[in-house]
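A quick write-up on the structure given underneath.
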Amino acid sequence: MRPEVLKIGVVGLGQQGSFYTKLFQGAEIRAGVTLPKLLGGELVAVSDMDPQKLEEISGAFPHLACFNDYKDMLDNADVDAVLIATPHYFHPSMAIEAMQRDIHVLVDKPAGVFTNDVQKMNDFSCAKPELQFSMMFNQRCNLLYRKMKDIIDSGVIGAVRYTDWTITTWWRPQSYYDLSAWRATWAGEGGGVLINQAPHQIDLWQWICGMPSTVYAKAGYGSQRDIAVEDDVVALVTYDNGATGVFRTCTHDMLGTDRFEILGDKGKIVVEGSSKIVLKKLVESENVISQGIAKDEVSAILQGVASIDQYFSEETFEFESEWGKQHFDVIQNFLDAINHGSELVAEGAEGINALSITNAIHLSSWLDREVSLPIDGDLFEAELNKRIQQEIATAP
Ligand SMILES: NC(=O)c1ccc[n+]([C@@H]2O[C@H](COP(=O)([O-])OP(=O)(O)OC[C@H]3O[C@@H](n4cnc5c(N)ncnc54)[C@H](O)[C@@H]3O)[C@@H](O)[C@H]2O)c1
């Protein structure tokens, strides 16, 4: 019999895990910001290998059972579900350990660091179909991106011709990288802006526009910060239908830009910032319009004398977002999936899509050649290991 209120555990009480514990308690998540308590799940246990983190949490919430070994928590805290918010490398193995004990799992992004590892987690989850396995892709709960996906899926702008996302709002000063030793190292994190800051956008990019088939990328490794991993990336992708896409990101743009544009053969979507969609719909496919313009009309159009306004209409959609609400929604959705069989916003197995793109971008920039998806997971692992070994060999 399924319990009425699930018993929940959180693994990793850093920046993110401690935020989730507050969400479960209905506590203040940011100065003056609280959200309603999550329904159908009660936080009963937490785990962190850092004793200070456990002390802090038990000071704030004394009723929680605290464990410095997460396996001890899985074995002894009688939890029905866990949220995993540890550094990325641990995600797949921790998720498998939980599923082995018939515990439902919500893993934070990214799914892991390399696809071979994440594939093992996905394969294991297939052997446990009765368990809910979800990924913290909270941006999928952002109504703006849900609307964008609806527009693309419903064919309003037709077949995609190109996608273009510049997301450089991830400015991080040097001191950020000095906060935790695992950050921005090959051994600790397995990458930089691609693996830490941009996974949400890379997931949304593929969720909305589909998976690319090839990737060619250039990346700057420690280009503006004293770090080993990438802080500046531009990737060019192609899709099966011949469309192209560009993704640019970095952590050194203080004046950050967030501009996502998708051109289809019947229109275009532009999102500048993250609160407004501008949708332009052509009256017919661009090819049909092109065929219909006579030679004696073309000069006037090109000189701007004749307007093309009659060929399209424009609509805007505005959205507001509430800080923390998207994470809340993913966790509530996870609890509802366990308790009531609701469909997951982000299936755990889908985490490999964004990671495959990330791995492909790294691999392409390392080898300086185009790579095809799915990537060669063994080659990626070998190349990543080379960088880890070099980092270890040159450590002060
Ligand atoms: N979904 C989001 O919006 C979002 C935002 C930030 C971070 N994250 C993700 O959350 C994860 C954690 O990031 P963070 O910023 O909280 O990092 P952090 O360094 O602040 O916290 C990580 C915590 O994990 C603990 N830990 C490490 N190994 C452990 C182990 N074996 N067992 C138990 N605890 C262990 C550390 O002691 C630390 O307290 C990362 O994968 C990151 O990508 C997600």
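The values are calculated or read from the model by the stated rules, or taken from the named source; none is laboratory data. Predicted, not measured: the structure shown is a model, and the values here were computed from it. Glycine also receives a Cβ, built like all others from the backbone with ideal geometry; neighbour counts cover every protein chain displayed.
For region 361-382, does any single residue satisfy the condition of being more than 30 Å from Gly32 (Cα to Cα) and in contact with a Gly (Cβ under 8 Å, 6 or more places away or on another chain)? The answer is yes; a qualifying residue exists. Taking region 150-175 as the range and being under 20 Å from the mean Cα position of the chain (by Cα) and closer than 30 Å to Phe90 by Cβ as the test, the residues that pass are Trp165, Ile167, Thr168, Thr169, Trp170, Trp171, Arg172. Here Val105 clears all of (1) more than 9 Å from the ligand (Cβ to nearest atom); (2) at pLDDT 95 or above; (3) surrounded by fewer than 23 Cβ atoms within 10 Å (Cβ to Cβ) except the condition numbered (3). Of all the numbered requirements in (1) within 13 Å of the ligand (Cβ to nearest atom); (2) over 27 Å from Asp123 (Cα atoms); (3) part of a helix (DSSP H, G or I); (4) of a type outside the set (Val, Ile, Thr), Ser58 misses one, and that requirement is (1). The listed residues are Pro51, Pro87, and the only one of them that is touching a residue at least 60 places away in the same chain (Cβ under 8 Å), surrounded by fewer than 21 Cβ atoms within 10 Å (Cβ to Cβ) and not assigned by TED's automatic domain parsing to the domain that holds Gly190 turns out to be Pro87.
Residue by residue, here is whether (1) in contact (Cβ under 8 Å) with a residue 24 or more places away in the chain; (2) surrounded by 11 or more Cβ atoms within 10 Å (Cβ to Cβ) holds:
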{"site": "Asp296", "(1), (2)": "no, no"}
{"site": "Val305", "(1), (2)": "no, no"}
{"site": "Val330", "(1), (2)": "yes, yes"}
{"site": "Ser342", "(1), (2)": "no, yes"}
{"site": "Ile352", "(1), (2)": "yes, yes"}
{"site": "Ser356", "(1), (2)": "yes, yes"}
{"site": "Ser364", "(1), (2)": "yes, yes"}
{"site": "Ile375", "(1), (2)": "yes, yes"}
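Quick one: would you say Ala81 is away from the ligand (no atom under 14 Å from the Cβ), buried (at least 17 other Cβ atoms within 10 Å of the Cβ), of a type in the set (A, V, I, L, M, F, W, C) and closer than 19 Å to Met135 by Cα?
yes
Return yes when Leu13 is in contact with a Ser or Thr (Cβ under 8 Å, 6 or more places away or on another chain), more than 9 Å from the ligand (Cβ to nearest atom), in the same structural domain as Tyr70 (by TED's automatic domain parsing) and not charged (D, E, K, R) and no when it is not. Here the answer is no, as Leu13 does not meet what is asked. Asp72 - would you say it is farther than 25 Å from Gln326 by Cβ, modelled with pLDDT of 95 or more, within 11 Å of the ligand (Cβ to nearest atom) and in contact with a strand residue (DSSP E or B) (Cβ under 9 Å, 6 or more places away or on another chain)? For Asp72, the condition - farther than 25 Å from Gln326 by Cβ, modelled with pLDDT of 95 or more, within 11 Å of the ligand (Cβ to nearest atom) and in contact with a strand residue (DSSP E or B) (Cβ under 9 Å, 6 or more places away or on another chain) - is met. Inspect all residues belonging to region 159-167 and state whether any of them is touching a strand residue (DSSP E or B) at 6+ places or on another chain (Cβ under 6 Å), surrounded by fewer than 23 Cβ atoms within 10 Å (Cβ to Cβ) and on the phi > 0 side of the Ramachandran plot. No, because not a single residue in region 159-167 is touching a strand residue (DSSP E or B) at 6+ places or on another chain (Cβ under 6 Å), surrounded by fewer than 23 Cβ atoms within 10 Å (Cβ to Cβ) and on the phi > 0 side of the Ramachandran plot. Does Glu28 satisfy the criteria of being assigned by TED's automatic domain parsing to the domain that holds Phe133, more than 9 Å from the ligand (Cβ to nearest atom) and outside any loop (DSSP other than H, G, I, E, B)? No. If you filter region 170-186 down to residues that are surrounded by fewer than 18 Cβ atoms within 10 Å (Cβ to Cβ) and in a loop (DSSP other than H, G, I, E, B), you find that the one that is nearest to the ligand (Cβ to nearest atom) is Ser180. Just so you know, in region 142-169 the residues that are in contact with a helix residue (DSSP H, G or I) (Cβ under 9 Å, 6 or more places away or on another chain) and in a loop (DSSP other than H, G, I, E, B) include one that is nearest to Arg259 (Cα to Cα), and it is Asn142. Considering only region 84-93, I want to know if a residue exists there that is in a strand (DSSP E or B) and more than 9 Å from the ligand (Cβ to nearest atom). There is no residue in region 84-93 that is in a strand (DSSP E or B) and more than 9 Å from the ligand (Cβ to nearest atom). Considering only residues that are near the ligand (Cβ under 10 Å from one of its atoms) and within 18 Å of Ala98 (Cβ to Cβ), which ones fall in region 41-55? Residues satisfying the conditions are Val46, Ser47, Asp48, Met49.
Of the strands (runs of 3 or more DSSP E) lying entirely inside region 242-285, the ones with 1 or more residues being without any contact (Cβ under 8 Å) to a residue 12 or more places away in the chain and aliphatic (A, V, I, L, M) are found at 267-272. Check region 156-171 and report whether any residue there is basic (Lys, Arg), in contact (Cβ under 8 Å) with a residue 24 or more places away in the chain and over 30 Å from Trp366 (Cα atoms). No, because not a single residue in region 156-171 is basic (Lys, Arg), in contact (Cβ under 8 Å) with a residue 24 or more places away in the chain and over 30 Å from Trp366 (Cα atoms).
On the given criteria, is Ser125 away from the ligand (no atom under 16 Å from the Cβ), hydroxyl-bearing (Ser, Thr, Tyr), outside any loop (DSSP other than H, G, I, E, B) and closer than 25 Å to Asp376 by Cα? So Ser125 passes the test.
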